[in-house]
Structure formats: C-alpha cells, structure tokens
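In what follows, a structure is listed as structure tokens, so that the remarks can point back to it.
The values are calculated or read from the model by the stated rules, or taken from the named source; none is laboratory data. Being a predicted model, the structure only gives us computed values, none of them experimental. Note that each Cβ is placed from the backbone with ideal geometry, even for glycine, and that neighbours are counted across all protein chains shown. When the accessible area is computed, the model is the full protein with side chains, heavy atoms only, and any ligands, DNA or RNA have been set aside. Shrake-Rupley method; radii C 1.70, N 1.55, O 1.52, S 1.80 Å.
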Amino acid sequence: KEHIAEAKAFKAQTKEEVEAFRIKYLGKKGLLNQFFADFKSVANDQKKEYGQALNTLKKAAEDRVNDLKEALDKKEDTKGYYGDLSRPGAAIEIGARHPISIVKNQIIDIFSRIGFNVSEGPEIEDDWHNFTALNLPEYHPARDMQDTFFIQTNPDILLRTHTSSVQVRYMENNKPPIRTISPGRVYRNEAISARSHCFFHQVEGLYIDKDVSFADLKQTLQHFTTEMFGKSKIRLRPSYFPFTEPSAEVDVYWGLETDIDYRITKGTGWLEIMGCGMVDPNVLENCGIDSKTYSGFAFGMGIDRIAMLLHQIGDIRLLSENDVRFLEQFKSAL
Ligand code: PHE
C-alpha cells in the first residue's frame, strides 16, 4: 500500500529519473515482478486482496510513467519553440496579385456596390449558349466576327468566345429582375501579337427588369468609368452586335480635362473600351424571359486591355508569360 502511494506521488525532472522509476517498479527485476513471485506464498484467504493491490500498484506505476513522459515531452517541445526569443524572425515572402485579377476585382467591386452579383460559367461551351441563343443562328455571317476554336463539330462544342454565354445560362436559370456581371476567360483564334492574344478576359454585364431604357445603360456606364478612371467622359458610337439592338461601342476620353492621366496612353483622344446595347427581344425569348414585360441592357469589356492601359503594359503577351520580373512589380498594387 505504501508503494501505491509512493508511485502515485512520484515526481521527476528528467527522462532519466522517469526511466529509473520505471525500472524500479516495472522492470524485469522490479518490485512488481518480485511481488508477483511472492504471490504463491501468500495465504489463500489473502490472495484476493493481495492480487487486487498488485494490480492497482501496476496501474499506478504505468500511469505515472506515461504521464511524466508526456509532460516532459511537452516541456521539450515548448523549449524549442520559444528557444531564442531574440532571434530575428523568418521573413514571409508575399506574392503579388496578377494585374488581370487586380483590375477584375476593381470592376467587380464597382458593380457589386450598385447591386450586381457575379455569375460564372464553363469555358467549354455548346453552340446554343455561345451563339444560337444570342441571335446567331447557324450560317449567320456575324459568327465570323468571332474566330472560334472548335473542340468538336456536329453537335458543336467550342471554347467560348465571350462570356455572353454565361448571361444566357443566367437568364435560363433566374427570373428578372436580373443584375449580374460575368467575368471570365474567353478564346478567339487570332494571331498572337503585342496587341491581341488567342485568349483574354472579359467582364460582361446584364441588367433586366421592367422599363429598362437606354438612358439607364448610359448612366450605368458613366458611373462605372467615373469609379474606375476618375472624372471621365464617355461617348457611345452606334455599332452592331447580333444580341443587342440598338448596339453601341463605348469610348472613354483620355485627356487633360479628365482625371485619367493622358500620359499613359499615346497622346489624348477617344479610346474604345467596351461594347453594349439593349438586349434583343429574341434573346430574351430564347432564354425564357417575356420580352413584352421585360427589357434590359448588356455590356462587355476586355479586362486585359484596361489592365494594359492602367498599368502601362505595352505587350499583352506579358500577361500570360508568368515572368516573375513582371509579376512582382504588382506587389504594391491592390
Ligand atoms: N459579347 C461581346 C463581345 O464579346 C461584347 C458585348 C456584350 C457587346 C454585351 C454588347 C453587349 O465582344
């Protein structure tokens, strides 16, 4: 009994002490084995009590060894951890956001603040979502406007040429009012040069509700350019897109009397930044929206182009070459 009390109270500072304790109690020639050997000579009527006491002692000794070992291990761990508090910390390498992401996030922020949500869709599309639903039936000449990479023909599967395909999917799955922007990568079979690439990035926007007018479109775009570029002027030039009617091209003015730093572009003047228009009623009907009740506008812009303007990037290919010397220059940007 006194051994049980002793075992339970045993304290140790080092692993060696714990080991000595273990050998003393639990080792081959330890106390416990000696007591077990004595078991034979214990009187029969005391065997039960003696046996129970031995088991209790064994358990007490084992528990003590385990507890002490664990406590000492922990102590050692923290010792290493807090080791030398005066040592200089290891520097954390911070990466940079890609300029495409920076500009994309800015655009998303601006439109989120006026109630647009963000929608996404697949980069590999079928003919319906990229073309047919958007008022571009088979053999429509306007399909040539967008040099398409086909993955499979008949039925056609392709790399989306614009994120208007996401808007089709959104209209099919949601009821108006709709306010959504669709950022994403798009592909066009174009010769690669400093100005154009076979893939780039877009943000397209869609607004559908009752009584949406062209004035709403223009005001929304003016709000966007002001938020994006500071005090700025825009102008809408008549244009053609199969999915909008009327359609327009949006130019923004780079010059002295605006906040836009004209030095970052070559000279001053009007610069085209996006396409837009009122959603063609056919497109609404194709997507299951009643064109007699609802109307809406859509717009689409290239992120790469805007990133190049804002960050003075002279060659679009830099955006996809992943040269760290280029990428790390954006560490201080948002
Ligand atoms: N989808 C067009 C493009 O890829 C852009 C656009 C979107 C134009 C919406 C008008 C309305 O060029």
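Counting only strands (runs of 3 or more DSSP E) that sit completely within the stretch 164-264, zero hold 1 or more residues that are within 14 Å of the ligand (Cβ to nearest atom), among the aliphatic types (A, V, I, L, M) and modelled with pLDDT under 90. For the stretch 275-319, the set of residues classified as farther than 14 Å from L134 by Cα, assigned to a helix (DSSP H, G or I), in contact with a helix residue (DSSP H, G or I) (Cβ under 9 Å, 6 or more places away or on another chain) and open to solvent by 20 Å² or more (accessible area, probe 1.4 Å) consists of L309, L310, L318, listed by residue number. Among the residues of the stretch 122-136, at least one is surrounded by fewer than 17 Cβ atoms within 10 Å (Cβ to Cβ) and either of a type in the set (F, W, Y) or on the phi > 0 side of the Ramachandran plot (or both).
State which residue is nearest to Q167 (Cα to Cα) when the search covers only the stretch 100-121 and only residues that are open to solvent by less than 30 Å² (accessible area, probe 1.4 Å) and more than 15 Å from the chain's Cα centre (by Cα). Selected residue: F116. Checked against (1) in contact (Cβ under 8 Å) with a residue 60 or more places away in the chain; (2) open to solvent by less than 50 Å² (accessible area, probe 1.4 Å), D211 passes all but condition (2).
The set of residues from the stretch 280-308 being among the acidic types (D, E) and over 16 Å from N174 (Cα atoms) comprises D280, D304. Residues of the stretch 157-170 that are open to solvent by less than 10 Å² (accessible area, probe 1.4 Å), touching a residue at least 40 places away in the same chain (Cβ under 8 Å), in contact with a helix residue (DSSP H, G or I) (Cβ under 7 Å, 6 or more places away or on another chain) and not polar (S, T, N, Q): V168 alone. Which residues, taken from the stretch 268-321, are within 30 Å of K233 (Cβ to Cβ) and without any contact (Cβ under 8 Å) to a residue 12 or more places away in the chain? Correct list: M308, L318.
Going by what's in this entry, would D77 be described as open to solvent by 60 Å² or more (accessible area, probe 1.4 Å), acidic (D, E) and modelled with pLDDT under 85? Considered against the rule, which asks whether it is open to solvent by 60 Å² or more (accessible area, probe 1.4 Å), acidic (D, E) and modelled with pLDDT under 85, D77 comes out as yes. Applying the criterion of being assigned to a loop (DSSP other than H, G, I, E, B) and within 14 Å of the ligand (Cβ to nearest atom) to the residues of the stretch 137-156, the residue that is most open to solvent (accessible area, probe 1.4 Å) is D147.
Just give me the residues in the stretch 280-317 being hydrophobic (A, V, I, L, M, F, W, C) and over 22 Å from the mean Cα position of the chain (by Cα), in sequence order.
Step one: filter the stretch 280-317 for residues hydrophobic (A, V, I, L, M, F, W, C), giving 283-284, 287, 289, 297-299, 301, 303, 306-310, 313, 316.
Selection gives V283, L284, C287, I289, F297, A298, F299, M308, L309, L310, I313, I316.
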